[in-house]
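The values are calculated or read from the model by the stated rules, or taken from the named source; none is laboratory data. Everything numeric in this text was worked out from a predicted model, so none of it was measured. Here the Cβ positions follow ideal geometry from the backbone for every residue, glycine too, while neighbour counts run over all protein chains shown. For accessibility, only protein heavy atoms count, side chains too; no ligands or nucleic acids. Shrake-Rupley method; radii C 1.70, N 1.55, O 1.52, S 1.80 Å.
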Amino acid sequence: MIFFDFARRNVRLHWFRSLLAVIGIVIGVIAIASLGILGNGLILSISGTISDVGDTIVVTPHAGAAGAGGPPGGGPAGATISERQVTEIERAAGANRVIPVIQSGDRIAVGDTVGAAVIYAVETGDMPVLLDLALGRYPRASSGAIAGSRLASEFDISVGSRIQVGAEGEEKILRVVGIAEERGIGFDINPDFALIVPRAWYTAAYAAEGYDFVIVRVRDVGDIDAVKSAIEGTLNRRETVVDVMDTRMVLESLFTAFEQISVFTDPGFKGCKKAPGFSRGDELHPLVRSLSPRRSYLIAG
C-alpha cells in the first residue's frame, strides 16, 4: 500500500511528467501494433499476387547459343527453342507436362481504344493448365482468344468482343471467347495484361517458328532436381544452349524476405519449414501458407 500511496503522490506532484509518460507508452504501443499490422499486410499483399510457384521449371534459350533463331524474339538476342529441342525436353521430362510458349507483343485496338498488349501463344490443350477462366470458354483449334483480367478491364473487353491486332492497316481480327481470372505475378507467364491465343493462329498470322521458352510442370516437387538435371544433360551436352531455372530459388528468396519482416513484426516467428530443396528453419510462418494454397505439398509435414 505504501508503494501505491507513493505513486499517487508522485502523479499528483508531477502530473505533467506523468502525462507525458502515459502519452509515450500509448504512442509506443500503437507504433508496435502498427508495425505488426503493416508487416503482416505486406506479406498478405505479396502472397495474394504470387501464384503457381514451386512446381515449375522454365527453360529459355541461352544467350549467344549457336543456331539461335530469329523472331518471335522473346528469348535473349532473338534466340528461340526449336521443335526438336521441345521434343528433347519432353523426353527428358518424362511424364511431367511440357508447355512450349511463344511470347511477343503488338498493337491492339478495341473500338476506339488503342494500346498494346503482351501476346502468349500456346497449344489450346495447354491453356487450362496455365489459366483459370472467370468467364467464357477456352479457344478451340485455331480461333478465339482469352483476354487477361486487367486487359479486359482497361479496354472494356467482354466475351464476344473483337480485337484488332497489328499495325494500322495490317490488323488481324481476334474474337474473345474467354476472360481469365486474375492471377497476379507468375514465374512462368503473367497473363493479367495479355492476350492468350492458340499457337496455330499465331504462327499463321506472324509466320513464327520456334518458342521463346518452355514451361515444365513437375507433378512431384521432390523430382525437380532430377528433371532439371535430365533437361540440362540432354540439351547442354556439348555446349550450353538453354538455361534451366526452377522456381524454388524464388521461393527461397521470398521465405528469406518474410523471415526478415517477421523478425520485427512477429516475435513467435521461428523461420521457414523445410521443403524439398530448401534449407530454411523449423516452422513456416502461417501467413506464408497463403502462398498458392494449391501447392500445399511444398510444405513438409
Check: What is the one condition in (1) at pLDDT below 75; (2) in a helix (DSSP H, G or I) that residue 9 does not satisfy?
Finding: (1)
Next item on the list: Evaluate the following for residue 113: is it over 12 Å from residue 197 (Cα atoms) and either in contact with a Ser or Thr (Cβ under 6 Å, 6 or more places away or on another chain) or β-branched (Val, Ile, Thr) (or both)?
Entry: yes
Check: Quick one: would you say residue 162 is among the basic types (Lys, Arg), within 28 Å of residue 62 (Cβ to Cβ) and either in contact (Cβ under 8 Å) with a residue 12 or more places away in the chain or open to solvent by less than 70 Å² (accessible area, probe 1.4 Å) (or both)?
Finding: no
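For residue 192, indicate whether it is over 16 Å from residue 147 (Cα atoms) and either in contact with a Pro (Cβ under 9 Å, 6 or more places away or on another chain) or charged (D, E, K, R) (or both). Even if it seems obvious, please write down each step before you answer.
On the way: over 16 Å from residue 147 (Cα atoms): no; either in contact with a Pro (Cβ under 9 Å, 6 or more places away or on another chain) or charged (D, E, K, R) (or both): yes.
Spelling it out, it is not the case that residue 192 is over 16 Å from residue 147 (Cα atoms) and either in contact with a Pro (Cβ under 9 Å, 6 or more places away or on another chain) or charged (D, E, K, R) (or both).
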Check: Under the condition of being modelled with pLDDT of 90 or more and open to solvent by 30 Å² or more (accessible area, probe 1.4 Å), which residue from segment 63-87 is farthest from residue 209 (Cα to Cα)?
Finding: 87
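What residue, of 208, 194, 180, is open to solvent by 10 Å² or more (accessible area, probe 1.4 Å) and out of contact with any Lys or Arg (no Cβ under 8 Å at 6 or more places or on another chain)? Walk me through how you get there before you give the answer.
Details: 194 fails: open to solvent by 10 Å² or more (accessible area, probe 1.4 Å); 180 fails: open to solvent by 10 Å² or more (accessible area, probe 1.4 Å).
The conditions single out 208.
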Margin query: Condition check: out of contact with any Lys or Arg (no Cβ under 7 Å at 6 or more places or on another chain) and either open to solvent by 20 Å² or more (accessible area, probe 1.4 Å) or free of Cβ contacts under 8 Å to residues at least 12 places away in the same chain (or both). Does residue 112 satisfy that?
Written below: yes
Next item on the list: Scan segment 123-161 for residues that are in contact with a Leu (Cβ under 7 Å, 6 or more places away or on another chain) and under 15 Å from residue 205 (Cβ atoms) and jot them down.
Entry: 145
Note to self: Anything in segment 182-202 that is modelled with pLDDT under 85 and either in a strand (DSSP E or B) or of a type in the set (Asp, Glu) (or both)? List them, or say none.
What the structure shows: 185, 188
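Please determine whether any residue of segment 40-56 is within 30 Å of residue 209 (Cβ to Cβ), surrounded by 11 or more Cβ atoms within 10 Å (Cβ to Cβ) and at pLDDT 90 or above.
Filtering segment 40-56 down to residues within 30 Å of residue 209 (Cβ to Cβ) leaves 52, 55-56.
Retained after the next criterion (residues that are surrounded by 11 or more Cβ atoms within 10 Å (Cβ to Cβ)): 52, 55-56.
Among the residues that remain, those that are also at pLDDT 90 or above are: none.
Looking for residues that are within 30 Å of residue 209 (Cβ to Cβ), surrounded by 11 or more Cβ atoms within 10 Å (Cβ to Cβ) and at pLDDT 90 or above, one finds none in segment 40-56, hence no.
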Item checked: Criterion violated by residue 208 - all others in (1) among the aliphatic types (A, V, I, L, M); (2) modelled with pLDDT of 85 or more; (3) closer than 17 Å to residue 79 by Cβ; (4) out of contact with any His (no Cβ under 8 Å at 6 or more places or on another chain) satisfied -> (2)
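Out of the residues in segment 122-145 meeting the condition of being part of a loop (DSSP other than H, G, I, E, B) and among the acidic types (Asp, Glu), tell me which one is surrounded by the most Cβ atoms within 10 Å (Cβ to Cβ). Can you show your working first?
Going through segment 122-145, the residues part of a loop (DSSP other than H, G, I, E, B) turn out to be 123, 131-132, 137-139, 141-142, 144.
Within this subset, residues satisfying the condition of being among the acidic types (Asp, Glu) are 123, 132.
On the way: 123: 13, 132: 10.
Of everything passing the filter in segment 122-145, 123 is surrounded by the most Cβ atoms within 10 Å (Cβ to Cβ).
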Notebook entry, point to check: Are any of the residues in segment 168-181 closer than 12 Å to residue 110 by Cα and free of Cβ contacts under 8 Å to residues at least 12 places away in the same chain?
Noted result: yes
Note to self: Between 105, 186, 144, 148, which is of a type outside the set (Val, Ile, Thr), more than 17 Å from the chain's Cα centre (by Cα) and within 21 Å of residue 212 (Cβ to Cβ)?
What the structure shows: 105
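Filter segment 146-159 down to the residues that are among the aliphatic types (A, V, I, L, M) and not in a loop (DSSP other than H, G, I, E, B), then identify the one that is surrounded by the most Cβ atoms within 10 Å (Cβ to Cβ).
By that ranking, first place goes to 147.
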